[in-house]
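Asks: Have a look at the structure that comes next, please.
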Amino acid sequence: MNHNSIILQQRANAAGAAIDAAKTPLQKHEARQQGLSVYAELAKHLSDEKALAAFKNAKPENSGGMWNGAPLVIYMTRADGKKITAPVTLSDGSIAAPNPQYQIAVPLNLVNAMLQRGYVRANDVLTDIGEKFPIRDPVIPNGDAP
């Protein structure tokens, strides 16, 4: 229990005692107004505590927007470069439909089986296999080159 909730409980007890001790209509009205203000603060405080508790108990999301513990998927394409245009039956019997980039979403536990069947991860594919990569970076003529 924090300090604010103790103070609010004390104020609520005082408001309840004031309502019980009120004798005139004005005293009753003032005590009731005091009780209603304490009630509103207590309700807000309790809802804030419930919201904080719900926030603390919520499952965290990773940067990809998946809940932790949810099955991860890897997007795969065919190793021979052909487009996947029809649904593919995965090794566990489920069916994966291709997305507009001609890739299929494969659960992480089935990736090795799909690699053996001739599929590769989508981000492992080179767009131009005949492209030659330089062995070293080209020299930039700005005076800093060796």
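Just so it is clear, none of the values below were taken in a lab; they were calculated from the coordinates. What you see is a predicted model, and the numbers here were worked out from it, not measured in a lab. Because the Cβ atoms are built from the backbone with ideal geometry, glycine has one as well, and the counts that use them run over all protein chains shown.
Asks: Contour minus end-to-end for Arg117 and Tyr102, with contour as 0.36 nm per residue of separation and end-to-end as the Cα-Cα distance?
Replies: Values: separation 15, 0.36 × 15 = 5.40 nm, distance 1.68 nm.
Full-extension gain reported as 3.7 nm.
Asks: Based solely on C-alpha atoms, express the radius of gyration and the Dmax of the range 3-57 in angstrom.
Replies: Reported Rg and Dmax, both Å: 14.0, 49.
Asks: Enumerate the amide H contacts of Leu72 below 5 Å, restricted to partners 5 or more residues apart or on another chain; note that Pro and chain-start residues carry no placed amide H.
Replies: Residues meeting the criterion, in which the H sits 1.01 Å from N, are Leu108.
Asks: Give me the one-decimal nm value for the distance between modelled label points at Ser94 and Ala43, 7 Å along each residue's Cα-to-Cβ direction.
Replies: With each label point 7 Å from Cα toward Cβ, the separation is 4.6 nm.
Asks: Computed on alpha carbon atoms, what radius of gyration and Dmax characterise the range 73-124, expressed in Å?
Replies: 9.6, 25
Asks: Continuing with the same structure: Pull out the extension gain between Arg32 and Ala18, defined as 0.36 nm times the separation in residues minus the alpha carbon to alpha carbon distance; nm, one decimal.
Replies: 4.2 nm
Asks: Which order results if Ile6, Ile84 are arranged by neighbouring Cβ count within 10 Å, fewest first? Walk me through the numbers before you get to the answer.
Replies: Working: Ile6 10, Ile84 18.
Ranked by crowding around the Cβ, least crowded first: Ile6, Ile84.
Asks: Using θ = phi - 60° and the Karplus form 6.51 cos²θ - 1.76 cosθ + 1.60, what ³J(HN,Hα) does each residue of the range 20-28 get, whole Hz, x for Gly and Pro?
Replies: Residue by residue, the range 20-28 yields 5, 8, 5, 10, 9, x, 5, 4, 5 Hz.
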